[in-house]
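Engineer: Pasting in a structure now, in structure tokens, and then I'll have a few things to ask.
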Amino acid sequence: MAVRKRIGDLLMEAGLITEEQLQAALKEQRDLKMRLGDVLITRKYISETQLFDVLEFQLGIPHVELYRQKIESKVINMIPQRLAEQHQVLPLRTEGNKLILAMADPLDYFAIDEIRMATGFRIEPAIASKDELQRAIKRYYGLQESVDQIMQNLQAREPEERKETREEEDSPVVKTVNQIITQAVAIGASDVHIDPQEDSLRVRYRVDGIMRTERTLPPHMQSVIIARVKIMANLNVSERRVPQDGRVEMDIEFRKVDIRIATLPTIHGEKVVMRILDMGNTLTEIEKLGFSETNLHKFKQGLLSPYGMVLITGPTGSGKTTTLYSGLARLNHDEVNIITVEDPVEYQLQGINQVQVNLTNGLTFARGLRAILRQDPNIVMVGEIRDGETAEISVRAAMTGHLVLSTLHTNSAVNSITRLIDMGVEPFLLASSLSCIIAQRLVRKICDHCVETHDPGEEERALFAEYGIEVGQLKRGAGCGNCGRTGYKGRLAIHEVLIVDEELRSMILRTESDSAYMAYASKQGMVPMLHDGLLKVKAGRTTVSEVFRVTN
């Protein structure tokens, strides 16, 4: 770089800070020994995005998003971990005699010179978020050390000796699997996928409902990684031809985490999915589930019924279990006897009797439910209605003085009525038992750290007008290190809540169509899920594209 400008001068030239702000930040920088850019961002003089823009447009330093980068192990090994942590840098790739280097401070010329001397390459800096860099350095260098050790061990063994054994806690394969899980918990992933490919082993995370590839490992590591996961869950290591299921509890960063493990044979080997359940965040108060004021009142009304059936519906991964457990927690007190039958028991609730379905021993939902009804329950929770027998027993229980809570896989609240009739439940039984149906989906929330306002487009304005919603400016996430450059962080639910009244019971008896139920429900005051989502867009909590992603 021909002219070595300081970041403060660049920001002043861009009109983003004043001389007074710069001097105050410089004084604080000297006192706290922080980078000037970090001080300016902490004081909220500038945003991280503005800093990136100045460096990119005025100096031509590109901005990189590390979660999108695929970095090879040979590139990581070019810079020692000590240097990477000291200067907050990460090598990305080489181009001839040039090394592309992600840096938190691309104007740190001392760091550039030291790394140039250490590698022998000409350094071309790129700017990356400080938080992203710290996570990436920990992930790549921590995992790479274990990967290298595993590969050395595999190469040192004869092929016939490459058998999966119970590893010591400090062995490379144990460290690798633990690091994969720890990273998943740290970024809030709900699932970890270990996918065998023809020429690699992919590690993918599902974060806020969206899949992303986290690491690509050599294919030779497949057998030892998957064997280690199986050993953790007490599965049969030698059985590779049939699916297996297990679970394990771990303490990750002082948090108790329950991990459900499922294996599946594929043409390239066994695929493993680990579902992560954070035991420290088992329950959410129903007031914090994202219900609108009207829908919350209807949900509480359903829970307060002395008998009847409350259904929560939606596809897999729509947050039904969280809503169900939150409702149970609300009802849980000494004066009632609550019994559940679940597959699996996802969260253990104090004071509630929970029964685990065991198909091997013949304990099905239907059989467990029959047994529960002989245990003098006030409230019964059925984890999921999957078949006609379970549906009919649940309905009859709701008719005979029990409050029954359960989940069902349907697309909308009114579709649940037709679904239960299709399962074989008689319309007169259904009409007498149903009291409340909640349909829900999960949408990603706008990241609080990079939220910005924008004017809605013509199509968005037309959509809001169609639902009679007046809207001014909307919000969206610009993308930052806290949200992995996605603009979203966390999730919230959108709902529609249907209260079954006398008129709707008459319609169920006549087995009318879904469209007829929907027309009456709208007249009754039910807010459709899309409408509820748009109201949350107007409130600045999510975006139109997110609402459409889950409702269409």
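The values are calculated or read from the model by the stated rules, or taken from the named source; none is laboratory data. Please read all numbers here as calculations on a predicted model, not as lab measurements. Using ideal geometry, Cβ is built from the backbone for each residue, glycine included, and neighbour counts are taken over all protein chains shown. Surface areas here come from the heavy atoms of the whole protein model, side chains and all, with no ligands, DNA or RNA. Shrake-Rupley method; radii C 1.70, N 1.55, O 1.52, S 1.80 Å.
Engineer: Which one of these does R228 not meet: (1) surrounded by fewer than 15 Cβ atoms within 10 Å (Cβ to Cβ); (2) over 24 Å from E546 (Cα atoms)?
Structural biologist: Result: R228 fails condition (1) only.
Engineer: Taking the criterion of being among the charged types (D, E, K, R) and under 18 Å from the mean Cα position of the chain (by Cα), would at least one residue in segment 229-252 satisfy it?
Structural biologist: Taking every residue of segment 229-252 in turn, none turns out to be among the charged types (D, E, K, R) and under 18 Å from the mean Cα position of the chain (by Cα).
Engineer: Can I ask one more? Just to be sure, is S545 of a type in the set (S, T, N, Q), within 18 Å of C450 (Cα to Cα) and either free of Cβ contacts under 8 Å to residues at least 24 places away in the same chain or loosely packed, with under 14 Cβ neighbours inside 10 Å (or both)?
Structural biologist: yes
Engineer: Mind checking whether some residue in segment 107-130 is modelled with pLDDT under 85, under 16 Å from P91 (Cβ atoms), in a helix (DSSP H, G or I) and open to solvent by less than 20 Å² (accessible area, probe 1.4 Å)?
Structural biologist: No, the conditions are met nowhere in segment 107-130.
Engineer: Continuing with the same structure: Determine whether segment 402-410 contains at least one residue that is assigned to a loop (DSSP other than H, G, I, E, B), within 20 Å of Y517 (Cα to Cα) and modelled with pLDDT of 90 or more. Explain how you work it out, then say what you get.
Structural biologist: Of segment 402-410, the ones assigned to a loop (DSSP other than H, G, I, E, B) are 402, 409-410.
The next check asks that each one be within 20 Å of Y517 (Cα to Cα); those that pass are 409-410.
Filter once more, keeping what is modelled with pLDDT of 90 or more: 409-410.
Among the residues of segment 402-410, at least one is assigned to a loop (DSSP other than H, G, I, E, B), within 20 Å of Y517 (Cα to Cα) and modelled with pLDDT of 90 or more, which makes the answer yes.
Engineer: For segment 241-258, which positions are in contact with a strand residue (DSSP E or B) (Cβ under 9 Å, 6 or more places away or on another chain) and either within 14 Å of I194 (Cα to Cα) or exposed (fewer than 15 other Cβ atoms within 10 Å of the Cβ) (or both)?
Structural biologist: Once the filter is applied, which keeps residues that are in contact with a strand residue (DSSP E or B) (Cβ under 9 Å, 6 or more places away or on another chain) and either within 14 Å of I194 (Cα to Cα) or exposed (fewer than 15 other Cβ atoms within 10 Å of the Cβ) (or both), segment 241-258 yields R241, V242, P243, D245, E249, D251, R255, K256.
Engineer: Of the conditions (1) modelled with pLDDT of 70 or more; (2) outside any helix (DSSP H, G or I); (3) open to solvent by 70 Å² or more (accessible area, probe 1.4 Å), R166 clears all except one; give me its number.
Structural biologist: The failed condition is (1).
Engineer: Which ones in segment 231-240 are open to solvent by 50 Å² or more (accessible area, probe 1.4 Å) and either of a type in the set (S, T, Y) or touching an Asp or Glu at 6+ places or on another chain (Cβ under 7 Å) (or both)?
Structural biologist: Residues satisfying the conditions are S238, R240.
Engineer: Here is a follow-up. Any chance segment 194-203 includes a residue that's modelled with pLDDT under 85, of a type in the set (S, T, Y) and touching a helix residue (DSSP H, G or I) at 6+ places or on another chain (Cβ under 9 Å)? So that I can check it myself, show each step before the final result.
Structural biologist: Quick first cut of segment 194-203, residues modelled with pLDDT under 85 only: none.
No, that holds for no residue.
Engineer: Looking at K298, is it within 25 Å of G525 (Cα to Cα) and touching a residue at least 40 places away in the same chain (Cβ under 8 Å)?
Structural biologist: yes
Engineer: Would you pick out the residues in segment 398-431 that are farther than 16 Å from G327 by Cα and open to solvent by less than 10 Å² (accessible area, probe 1.4 Å)?
Structural biologist: A398, T410, A413, V414, S416, I417, L420, V425, L429, L430, A431 - these are the residues of segment 398-431 that are farther than 16 Å from G327 by Cα and open to solvent by less than 10 Å² (accessible area, probe 1.4 Å).
Engineer: Also, I was wondering about something else. Taking segment 207-218, which residues are open to solvent by less than 50 Å² (accessible area, probe 1.4 Å) and over 17 Å from the mean Cα position of the chain (by Cα)?
Structural biologist: R215, L217, P218
Engineer: Something else now. What are the pairs with Cβ atoms under 9 angstrom where one residue, in segment 342-368, is of a type in the set (S, T, N, Q) and the other, located anywhere, is surrounded by fewer than 11 Cβ atoms within 10 Å (Cβ to Cβ) and part of a loop (DSSP other than H, G, I, E, B)? Sequence gap at least six, or different chains.
Structural biologist: Q354/Q348
Engineer: Taking the options A104, A84, name whichever one is small (G, A, S) and either touching a Pro at 6+ places or on another chain (Cβ under 8 Å) or closer than 23 Å to T216 by Cβ (or both).
Structural biologist: Testing whether each residue is small (G, A, S) and either touching a Pro at 6+ places or on another chain (Cβ under 8 Å) or closer than 23 Å to T216 by Cβ (or both) leaves just A84.
Engineer: Can you report the number of residues in segment 45-68 which are touching a residue at least 60 places away in the same chain (Cβ under 8 Å), outside any helix (DSSP H, G or I), under 26 Å from D448 (Cα atoms) and not charged (D, E, K, R)?
Structural biologist: 4
Engineer: For segment 86-96, indicate whether the set of residues that are out of contact with any helix residue (DSSP H, G or I) (no Cβ under 8 Å at 6 or more places or on another chain), surrounded by 15 or more Cβ atoms within 10 Å (Cβ to Cβ) and of a type outside the set (F, W, Y) is non-empty.
Structural biologist: no
Engineer: For segment 432-530, please list each of the helices (runs of 4 or more DSSP H) lying entirely inside it that holds at least 1 residues being open to solvent by 60 Å² or more (accessible area, probe 1.4 Å) and farther than 29 Å from H297 by Cβ.
Structural biologist: Output list reads 458-466.
Engineer: Just give me the residues in segment 302-328 being closer than 24 Å to H409 by Cβ and open to solvent by 40 Å² or more (accessible area, probe 1.4 Å), in sequence order.
Structural biologist: The answer is P315, T316, G317, T321, T322.
Engineer: Could I ask something else about it? Take Q375 and decide whether it is in a loop (DSSP other than H, G, I, E, B), in contact with a strand residue (DSSP E or B) (Cβ under 7 Å, 6 or more places away or on another chain) and at pLDDT below 90.
Structural biologist: Judged against the criteria, Q375 is not a match.
Engineer: Would you confirm whether or not segment 217-228 contains a residue that is outside any helix (DSSP H, G or I) and at pLDDT below 90? Working first, answer last.
Structural biologist: Residues of segment 217-228 that are outside any helix (DSSP H, G or I), as a first pass: 217-218.
Cutting the leftovers down to at pLDDT below 90 gives us 217-218.
Yes: segment 217-228 contains one or more residues that are outside any helix (DSSP H, G or I) and at pLDDT below 90.
Engineer: Can you tell me which residue is nearest to H449 (Cα to Cα) among those in segment 30-40 that are open to solvent by 50 Å² or more (accessible area, probe 1.4 Å) and not charged (D, E, K, R)?
Structural biologist: Ranking the candidates gives M34 first.
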